[in-house]
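The values are calculated or read from the model by the stated rules, or taken from the named source; none is laboratory data. Note that this is a predicted model, so its numbers are computed, not measured. Neighbour counts run over all protein chains shown; Cβ positions are idealised from the backbone, glycine included. Heads up: the accessible areas ignore ligands, DNA and RNA and are worked out on the full protein's heavy atoms, side chains in. Shrake-Rupley method; radii C 1.70, N 1.55, O 1.52, S 1.80 Å.
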Amino acid sequence: MHKRKLIDSHGRVIHKLRVQITDACNFRCFYCMPQQVQFTPSKELLSSSEIIDICSNLVDFGIDEMRVSGGEPTLRKDFCDIIRELSRLAVGRLGVTTNGFILKDILPELKDSKCQNINISLDSLDQNTFKKITKTDYFNKALESIITAQRMGFHVKVNMVILRGVNDHELFDFINFSAQYGVEVRFLELMKIGPYYKNHSQLFVSAQELIERLEEREELEPQSVNCDSTSFNFHTSSGAKIGFIASESQPFCGFCSRLRLTATGRLRACIMSEAGINLRGIDKERYPDILQSVMGMKPTERIDHIKQPMYQIGG
Ligand code: SF4
């Protein structure tokens, strides 16, 4: 059967879907969420069958890559069931973004699924700095999950949000970590998302500044990536595999290929805009018009900031 393609009015081929399955999280990363927080009651979240139905329909219209996110997606008791069901769909790539808190325990179940691409957020290799950022003592759990997933042969990427004066001094520690364990480390620019965007300039470090720091000690060999890749990657002379997601200083909206399904069923065109249409209970016949409308909401240039916190958006 001829595979349909989603192409917006700017010629962008939309084929990736972020699937947020909860906004709840057990970490309190200060740049992502306030200490006191209200999560969406579970009865308002899409059920696993609603998630699968909507995702199955979207696959029929051209989505071929999915990444499950949160909040912290593994907090959902039916997380592994959702992954198993999504693995039955005709997606070429399935992944998850997680804080690694309970990942180690469920890796054996994921091993038989299509979910082989695991991005684990780790903003520090120092227990105290980790605690300062996440307000938790789960450093060892996250680290063990990374090392175990890598050893089990999953495609592991470590995402580090660079924060000036907080963890940017650990740049070379993460280079050594990548070289030692063979995991790809990606340095993420802090985005102007959520209540913290007012402090953005104090904490922001650009990818270019990091590259200049690295080149004082390392040779960086550029690696080729797909045009819709969010990161640009290098291999270093010390054997590390690194990437940079420079969505503030080098936005990539012109090649954006992603849509986002929120945990309550809203299909959004962009991380920086709440605009979207809810797909909950919508018949498949209405999808073509809805997809055209939502794709029409996708900006071609970077929206400066959004007040909605990241945990509500789904990363
Ligand atoms: S800011 Fe929006 S349009 Fe730009 S790359 Fe991100 S999701 Fe895509």
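Taking the criterion of being assigned to a strand (DSSP E or B) and under 21 Å from residue 300 (Cα atoms), the only residue of the range 200-240 that qualifies is 232.
Looking at (1) farther than 25 Å from residue 107 by Cα; (2) acidic (Asp, Glu); (3) touching a helix residue (DSSP H, G or I) at 6+ places or on another chain (Cβ under 7 Å), which one does residue 173 not meet, given that it meets all the others? Only one criterion is unmet by residue 173, namely (3). Among the strands (runs of 3 or more DSSP E) confined to the range 40-123, the ones with at least 2 residues that are touching a residue at least 40 places away in the same chain (Cβ under 8 Å) and not polar (S, T, N, Q) are located at 65-69.
All but one of (1) touching a residue at least 40 places away in the same chain (Cβ under 8 Å); (2) part of a strand (DSSP E or B) hold for residue 197; state the number of the condition that does not hold. For residue 197, the failing item is (2). Taking the range 241-315 and the strands (runs of 3 or more DSSP E) fully enclosed by it, the elements with 2 or more residues that are within 15 Å of the ligand (Cβ to nearest atom) and open to solvent by less than 20 Å² (accessible area, probe 1.4 Å) are at 258-261, 266-270.
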